[in-house]
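First up is the structure itself, then whatever we jot down about it.
Just so you know, all these numbers are worked out from the coordinates, no wet-lab data involved. Treat the numbers as computed from the prediction; the structure is a model and nothing was measured. FYI the Cβ positions are ideal-geometry reconstructions off the backbone, even for glycines, and counts take in every protein chain you see.
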Amino acid sequence: MILKDILAISGQPGLFRFIAQGKNAIIVEHLETKKRSSAFSSAKVSSLDEISIFTEKEDMPLGKVFDLIFEKEKGGPAVDPKSENDKLKAYFTEVLPEYSRERVYTSDIRKVVLWYNILQKLNLLVREEPEKHEEVEETREKVKERESETVKAAASKKKESSRVKESATVKKEPEEKTKPALKKKPESAEKGARTTKKKTQGSKEK
């Protein structure tokens, strides 16, 4: 059950709804009479959504106990809170078999039953919707999957980029330098030299 802003004030009958925070007190409204009043800091105010019932294992939130009573009574009222102690204990054992007999007193059971009946009478028992919780979990899973895909894509892109850089930085082998071809003397010059040599030889023979 959703018990947000539902309050119990010690020494005052019934339940109250939180309205606003004042300077030295809180403004509350009685659920049944709709009368508003101030609850000062000296008053013992308890929020129902912060109350838990002791069990042999883990403490159970009051809202969960109200769920069990609601299921047992099929949405109807619980046992009369003015019933005898033994009857209240037997009833609460049916609702919550694992409750701690040592730490949960009959007065506590009486309050739980009384508060439940007030909220049931005023049609203020609002059950939590498990579908919303499932939707939140499903959304979280989808977000995780998208983040994982994004990381993989970024890693793949980075790897591909590094490959491109490696291929770009490979040094080309230097090409072999071709030796310059020897220059041949012009044929005309070579013939002239031969002619001159012959003339010189002929002059010597004379």
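Note on the range 6-121: dipole from Cβ charges, positive end direction compared against 15, 51, 75; the farthest Cα belongs to 15.
A DSSP coil position with no more than 12 other Cβ atoms inside 10 Å describes the following trypsin sites (Lys or Arg not before Pro) in the range 67-126: 74, 82, 101, 103. The string of couplings for the range 6-18 from the Karplus curve (6.51, -1.76, 1.60, θ = phi - 60°) is 9, 10, 10, 10, 4, x, 10, x, x, 10, 10, 10, 5 Hz, one whole number per residue in order, with x for Gly and Pro.
Restricted to Cα atoms, the range 6-121 shows a radius of gyration and a Dmax of 15.1, 45 angstrom. Residue pairs exceeding 31 angstrom between C-alpha atoms, taken from 23/82; 35/87; 35/82: 23/82; 35/87.
Report the net charge of residues surrounding residue 61, where surrounding means a beta-carbon distance below 9 angstrom and charges are Lys +1, Arg +1, Asp -1, Glu -1. Combined, the nearby Lys, Arg, Asp and Glu give -2. Counting only Cβ charges, +1 for Lys and Arg and -1 for Asp and Glu, the dipole size of the range 6-121 around its Cα centre is about 600 debye. For GluC sites (Glu not before Pro), the sites in the range 1-97 that DSSP calls loop and that have at most 16 other Cβ atoms within 10 Å are 32, 56, 58, 84.
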